[in-house]
Amino acid sequence: MIQTVSVVGLGKLGLPMAAAMAARGLTVIGVDADARKVEAVNELRAPIFEPGLAELLQASAGRLRATQDIADAVRASEITFIVVATPSEPSGEFSLRYALPVCEAIGQALRAKPKFHLVVLTSTVLPGTTGGSIRVALEKASGKQVGRGLGLCYGPEFIALGSVIRDFLNPDFLLIGESDPSSGAMLESLYHQVCENRPSLARMNFVNAEIAKLAVNTYITTKISFANMLARICEQLPESNVDVVTKAIGLDSRIGGKYLKGAISYGGPCFPRDNLALTFLAHKLGAPADIAEATHDFNCSQVAWLADLVQQNAAPEETIGILGLTYKPDTDVVEQAAGILLAEELAGRGVPVAVFDPAGARSSCVPLGDQVRFTATAKECIAVSSVVVLATPWPEFAKIPAIVWARHNTPRTVVDCWRVLPHLQTANGVRYISLGTGGTAAFGSKEVKAVSSGTK
């Protein structure tokens, strides 16, 4: 049974992983170059935003410590997880500028360690990386050969920010790329210790695992985009509703209902970049990537489409309000989020924009700069706007009463991208546009106004 593990990289995935493993009884040593993060973890304070993390750190007391010393962590542990950033290059490939120096430091620490040690690369990489430059860096620095005194696995996580802890402890399945059967078995044994459920497990060579990681996310983005395409179709047909359609087709076991929610463009730190990475790989190999490219292009087009729809419903110089800047609820990540991209698009067109997000602090919204007005509350954002777009379905937005949305001189237009505000359909002082339902796309014509308006 594994007793001690180390985790290099205490970011939005690495720290919840470390805390979760410690809460499950393992001794965990976290490593990060950021002294402030290390200090916070040692004081059992959460230096990042993730639901449940603060409580998990408290539950980990006595079993989790943090350091800036990789060598110390490696020497004191049996398995080391590498969970550092692999930033996307403009081409779509992943950079190893953080991962390779970490591998070299781990290797140097292992040079004087006689016992077998397993290194697990969790960071997303292109196929050929784990068995290529990662392996070379570890072997060169350690003086050991992978598969003998040193084990190497590729073990990506399929998690979503906002539910990292739940997803890590209760995965749908586990994916292991292994240098040798013993290394794979060691990682599998650890997962059995940590997971609360009994997930399916797939063990394979490095390349197949690396392809599978990219393929999962690219397939999901395709599914999301298909649902969004259905939403745009339903908006052209009176009496249609994309939720009814997707609920029906999701009953087919060949399709399933997960990620089949017609709304607006997907975003976040994984989906867009993994799609582009698979496209880059295909082009590099001379293979077709038409589906991945079509998915990406369609997803990008949704921002301009939504901006056009919003402008059709606002007079010149009127302020557009955007509720939700994070790419999903329960996270503070705004990377490639629909709300951020919409704000940028509208501001670039010279449209006054006001924004609010419960967690998307102004410091996180660097791309917006001074182009938009940051409001202190959702109510303020609504009050200063003639058209309000609900871009991220934070639960608190759905609880805002109809009277707050209403404007009685000229009804306020509300664009509900996620159909979470049904109480506004018949509200006085509100013109309610529910994306994915009949008539929305042509809103602005008299016929569609009659269908979509909730004004009495």
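The values are calculated or read from the model by the stated rules, or taken from the named source; none is laboratory data. Just so it is clear, the structure is predicted and the values come from calculations on it, not from any experiment. Please note: Cβ atoms are built from the backbone with ideal geometry, for glycine as well, and neighbour counts cover all protein chains shown. In case anyone asks, the SASA skips ligands and DNA or RNA and just uses the protein heavy atoms, side chains included. Shrake-Rupley method; radii C 1.70, N 1.55, O 1.52, S 1.80 Å.
Residue-level check: of (1) outside any helix (DSSP H, G or I); (2) surrounded by fewer than 17 Cβ atoms within 10 Å (Cβ to Cβ); (3) in contact with a strand residue (DSSP E or B) (Cβ under 9 Å, 6 or more places away or on another chain), Glu39 misses just (1).
Exactly one residue out of Val384, Val420, Val415 is modelled with pLDDT of 95 or more, open to solvent by less than 40 Å² (accessible area, probe 1.4 Å) and at negative phi, and it is Val415. Contact annotation: residue pairs with Cβ atoms under 7 Å, 6 or more positions apart or on different chains, pairing a residue in the stretch 422-439 that is without any contact (Cβ under 8 Å) to a residue 24 or more places away in the chain with a partner that is open to solvent by less than 10 Å² (accessible area, probe 1.4 Å) and not in a helix (DSSP H, G or I), are Tyr432/Val414; Tyr432/Asp416; Tyr432/Gly454; Ser434/Asp416; Ser434/Thr440.
Under 24 Å from Trp394 (Cβ atoms), open to solvent by 10 Å² or more (accessible area, probe 1.4 Å) and without any contact (Cβ under 8 Å) to a residue 60 or more places away in the chain, is that true of Val333?
Working: under 24 Å from Trp394 (Cβ atoms): yes; open to solvent by 10 Å² or more (accessible area, probe 1.4 Å): yes; without any contact (Cβ under 8 Å) to a residue 60 or more places away in the chain: no.
No; evaluated as a whole, the condition is false for this residue.
Each row is one residue, and each column tells you yes or no for (1) more than 15 Å from the chain's Cα centre (by Cα); (2) at pLDDT 90 or above; (3) in a loop (DSSP other than H, G, I, E, B).
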{"position": "Glu318", "(1), (2), (3)": "yes, yes, yes"}
{"position": "Gln336", "(1), (2), (3)": "no, yes, yes"}
{"position": "Pro367", "(1), (2), (3)": "yes, no, yes"}
{"position": "Asp370", "(1), (2), (3)": "yes, no, yes"}
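Within the stretch 225-256, take every residue that is in a helix (DSSP H, G or I) and open to solvent by less than 20 Å² (accessible area, probe 1.4 Å) and give me the one that is farthest from Arg273 (Cα to Cα). Lay out the reasoning, then the answer.
Quick first cut of the stretch 225-256, residues in a helix (DSSP H, G or I) only: 225-234, 242-249.
After this cut, where a residue has to be open to solvent by less than 20 Å² (accessible area, probe 1.4 Å) as well, the list is 225, 227-228, 231, 234, 242, 246.
Numbers: Ser225: 15, Ala227: 20, Asn228: 19, Ala231: 24, Cys234: 29, Val242: 27, Thr246: 26 Å.
Here the answer is Cys234.
Selection of first residues in the stretch 278-299 that are hydroxyl-bearing (Ser, Thr, Tyr) and of second residues that are surrounded by fewer than 20 Cβ atoms within 10 Å (Cβ to Cβ) and in a helix (DSSP H, G or I), restricted to Cβ pairs under 7 Å at least 6 apart or on distinct chains, gives the following pairs, ordered by first then second residue: Thr279/Glu293; Thr295/Thr222.
Filtering the stretch 407-424 to residues that are in a loop (DSSP other than H, G, I, E, B) and out of contact with any Leu (no Cβ under 9 Å at 6 or more places or on another chain) leaves Arg407, His408, Asn409, Thr410, Pro411.
Within the stretch 166-199, track down each residue that is open to solvent by less than 30 Å² (accessible area, probe 1.4 Å), within 21 Å of Leu138 (Cβ to Cβ) and assigned to a strand (DSSP E or B).
Restricting attention to the stretch 166-199, the residues satisfying the condition of being open to solvent by less than 30 Å² (accessible area, probe 1.4 Å) are 167-169, 171, 174-177, 180, 183-184, 187, 190-191, 194-195, 199.
From what is left, the residues that are within 21 Å of Leu138 (Cβ to Cβ) are 175-177, 180, 183-184, 187, 190.
Answer for the stretch 166-199, where residues must be open to solvent by less than 30 Å² (accessible area, probe 1.4 Å), within 21 Å of Leu138 (Cβ to Cβ) and assigned to a strand (DSSP E or B): Leu175, Ile176, Gly177.
Taking the criterion of being hydroxyl-bearing (Ser, Thr, Tyr), out of contact with any strand residue (DSSP E or B) (no Cβ under 9 Å at 6 or more places or on another chain) and part of a loop (DSSP other than H, G, I, E, B), the only residue of the stretch 118-165 that qualifies is Ser163. For the stretch 49-66, which residues satisfy the criterion of being closer than 20 Å to Ser123 by Cβ and over 20 Å from the mean Cα position of the chain (by Cα)? Across the stretch 49-66, the qualifying residue is only Ala66. Among the residues of this structure, Thr222 counts as one that is open to solvent by 30 Å² or more (accessible area, probe 1.4 Å), under 30 Å from Ala282 (Cα atoms), in a helix (DSSP H, G or I) and of a type outside the set (Lys, Arg). Within the stretch 189-214, residues that are modelled with pLDDT of 95 or more reach partners that are β-branched (Val, Ile, Thr) and assigned to a strand (DSSP E or B) with beta carbons closer than 6 Å, at six or more positions or on different chains, in the pairs Arg203/Ile176.
The residues of the stretch 202-215 that are open to solvent by 60 Å² or more (accessible area, probe 1.4 Å) and in contact with a strand residue (DSSP E or B) (Cβ under 8 Å, 6 or more places away or on another chain), listed by number, are Arg203, Asn205, Val207, Asn208.
Ile106 meets all of the listed conditions (1) in contact (Cβ under 8 Å) with a residue 60 or more places away in the chain; (2) of a type outside the set (Lys, Arg); (3) not in a helix (DSSP H, G or I) but one, namely (3).
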